[in-house]
1. Could you count how many residues in region 25-64 are in contact with a helix residue (DSSP H, G or I) (Cβ under 9 Å, 6 or more places away or on another chain), farther than 10 Å from Ile5 by Cβ and of a type outside the set (S, T, N, Q)?
2. From the residues in region 1-20 that are of a type in the set (Ser, Thr, Tyr) and not in a helix (DSSP H, G or I), which one is least open to solvent (accessible area, probe 1.4 Å)?
3. Checking Lys201 against (1) under 29 Å from Phe63 (Cα atoms); (2) open to solvent by less than 90 Å² (accessible area, probe 1.4 Å); (3) out of contact with any Leu (no Cβ under 7 Å at 6 or more places or on another chain); (4) not aromatic (Phe, Trp, Tyr), which test does it fail?
4. Suppose we filter region 20-78 for residues that are farther than 22 Å from Glu107 by Cα and of a type in the set (Phe, Trp, Tyr); how many remain?
5. So, in region 142-163, how many residues would count as being more than 11 Å from His194 (Cβ to Cβ), surrounded by fewer than 15 Cβ atoms within 10 Å (Cβ to Cβ) and of a type outside the set (A, V, I, L, M)?
6. Please go through region 142-157 and pick out each residue that is touching a helix residue (DSSP H, G or I) at 6+ places or on another chain (Cβ under 6 Å) and within 16 Å of Lys128 (Cα to Cα).
7. So which of Leu202, Leu105 is in contact with a strand residue (DSSP E or B) (Cβ under 9 Å, 6 or more places away or on another chain) and either among the aliphatic types (A, V, I, L, M) or more than 30 Å from Met17 (Cβ to Cβ) (or both)?
8. Please state which of the following conditions Thr24 fails to meet, knowing it meets all the rest: (1) open to solvent by less than 10 Å² (accessible area, probe 1.4 Å); (2) farther than 27 Å from Val142 by Cβ; (3) modelled with pLDDT of 90 or more; (4) β-branched (Val, Ile, Thr).
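The values are calculated or read from the model by the stated rules, or taken from the named source; none is laboratory data. Quantities reported herein were computed from a predicted structural model and do not represent experimental measurements. We place every Cβ from the backbone using ideal geometry, glycine too, and count neighbours over all the protein chains shown. All accessible areas refer to the heavy atoms of the entire protein, side chains included, with ligands and DNA or RNA removed. Shrake-Rupley method; radii C 1.70, N 1.55, O 1.52, S 1.80 Å.
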Amino acid sequence: MTSKILLVDDEESICNMVKLHLQTEGYLVYTALDVDEAVRALSNKPDLILLDINMPEVDGLEFCKRMRNYIDCPVIFLTSRVTEQDKIIGLQAGGDDYITKPFSLAELTARIEAHLRRESRVRRRDIKLCGELFIDYAGRCVCCKEQILPFSKKEFDIIEFLSVNAGQVFDRERIYEKIWGYDAEGNSDIVKEHIRRIRLKLAQVADRNYIETVWGCGYKWVN
């Protein structure tokens, strides 16, 4: 199975050079020039991340700290910082290794191969990243800004159903049948109340609405 590598570096020339080299080595490579692109690329579930420390706005260290609650793969920092304290800070932020710029592609490849060989961590969790939200389907939880949101079983079931099918519109009857079952006693009005509760909980921490009402049709999840 082809290993997936996420390369995060604001220098496009470095991204292009490293990506081309790693592709010739047989890796599937995703690139990101800033943290926003990197967050979106995490949904590809990389097996290893190459992360530049000196990123604009949010630097690599801060990004690593944020994502470490959700991503288990090895992180190799790309850095021009070489002091012992810088190494300690990088490891404390969640990094596994570092390589200083300028680096040789042969050394970089060797380090990647070494980490992938040693990688025996817990199986990657099935997650979806939607803006500020991390939805952990296997763990059945939703996190936003490092907070775990308290959704009930049925509320999470609705979030899972809509987010997995993001962009598709479902009426209340379809959602009710999917979540409660065809033989459930009750009616689809309960869906409206559950979605209201979900929206209230999300609104306390998120900066936008993720469940959109399509008038006369139903609801859809907006990434």
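1. Filtering region 25-64 for residues in contact with a helix residue (DSSP H, G or I) (Cβ under 9 Å, 6 or more places away or on another chain) gives 25, 27-33, 35, 38-39, 42, 47-64.
Pick out the ones that are also farther than 10 Å from Ile5 by Cβ and you get 32-33, 35, 38-39, 42, 51-64.
Cutting the leftovers down to of a type outside the set (S, T, N, Q) gives us 32-33, 35, 38-39, 42, 51-53, 55-64.
Number satisfying all stated conditions: 19.
2. Kept after step one, since they are of a type in the set (Ser, Thr, Tyr), are these residues of region 1-20: 2-3, 13.
Still in the list and also not in a helix (DSSP H, G or I): 2-3.
Working: Thr2: 76, Ser3: 31 Å².
Here the residue is Ser3.
3. Among (1) under 29 Å from Phe63 (Cα atoms); (2) open to solvent by less than 90 Å² (accessible area, probe 1.4 Å); (3) out of contact with any Leu (no Cβ under 7 Å at 6 or more places or on another chain); (4) not aromatic (Phe, Trp, Tyr), Lys201 violates only (3).
4. Residues meeting the conditions: 2.
5. 4
6. Leu149, Asp157
7. On the way: Leu105 fails: in contact with a strand residue (DSSP E or B) (Cβ under 9 Å, 6 or more places away or on another chain).
After applying the criteria, what remains is Leu202.
8. The single condition Thr24 does not satisfy is (1).
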